[in-house]
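Have a look at the structure below, then the notes.
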Amino acid sequence: MTVPAAPLPVPPAPDAFRRVVGRFATGVTVLTTSWGGNDYAMTANAFTSVSLDPLLVLVCVDLEARFHDAAVAAGVWGVSVLSQHDRATAGWLATRGRPLHGQLERVPVSRGEATGVPLLSTALATLECATHAVHEGGDHSILVGEVLSAATPTDGEPLLWYRGQYGAHRHMH
C-alpha cells in the first residue's frame, strides 16, 4: 500500500519573502560589460564566490535588465565591489530607465586588461570574468563566471545592502 505524499505547503507571499531575505546583509557590486559598441552596467547584490578550482563566481541578473542580454552575448563581464563612498554610484546604476549612452560618464572607470570591460576605479575590489555557464533561475539568470583577473584597487569600508537600504557595516542596526 502506497502512502500518499503530503501536499506541499503554500509558498510565502513575495512581500514576506522580501522581508526575510532583506535581513541578510550583502555587499553591493556593479556589474559591467561591453557589447555592440556600448558599455552596460547595473548595481547588484546577488554575487558570491563559487569555487577555488577553477576560480568561479556567480551573479544573478534580471532577465529584463539591459545588462542581461549584453553580458550573455559578450561572454565577459566585470564585478566592482563598492565602498561606502560609492552610494551615489550604486543608486544611479540601479535606476531603471536611465540612458544607456553615457551612463558611466559620471563614474570613474578603467578598462580591464583581460577583457576590456569597464571597472570602477573607486572599487574596493574588481574581477574580470568569462561566462562559464548560464542557468535559468525564475525571473533571473544565474551567470557563473570564470575569474580572469582579480584586483584590490582601493581600501575602505564596504557598502552594504540591508532591509532595502544602503549602509555601512559600522552604522547598521
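The values are calculated or read from the model by the stated rules, or taken from the named source; none is laboratory data. No experiment lies behind these values; they were computed from the predicted model shown. In this analysis, Cβ positions are derived from the backbone assuming ideal geometry, glycine residues included, and neighbour counts consider all displayed protein chains.
Among the residues of region 105-120, those that are part of a strand (DSSP E or B) and free of Cβ contacts under 8 Å to residues at least 12 places away in the same chain comprise Ser110, Arg111. Every listed requirement among (1) at pLDDT 95 or above; (2) surrounded by 17 or more Cβ atoms within 10 Å (Cβ to Cβ) is met by Gln103 save one, (1). When region 117-149 is filtered for residues that are loosely packed, with under 14 Cβ neighbours inside 10 Å and of a type outside the set (S, T, N, Q), the ones remaining, listed by number, are Ala133, His135, Glu136, Gly138, Asp139. Just name the residue that is surrounded by the most Cβ atoms within 10 Å (Cβ to Cβ) out of those in region 26-62 that are small (Gly, Ala, Ser) and farther than 23 Å from Ala168 by Cα. Residue satisfying both the conditions and the ranking: Ser34. Does Leu93 meet the test of being farther than 20 Å from Val61 by Cβ, in contact with a strand residue (DSSP E or B) (Cβ under 9 Å, 6 or more places away or on another chain) and crowded, with 21+ Cβ neighbours inside 10 Å? Taking the combined requirement at face value, the residue does not satisfy it. Going through (1) surrounded by fewer than 18 Cβ atoms within 10 Å (Cβ to Cβ); (2) closer than 18 Å to Met42 by Cα one by one, Pro153 falls short only on (2). Selection of region 136-156 for residues being hydroxyl-bearing (Ser, Thr, Tyr), out of contact with any helix residue (DSSP H, G or I) (no Cβ under 7 Å at 6 or more places or on another chain) and modelled with pLDDT of 95 or more yields Ser149, Thr152.
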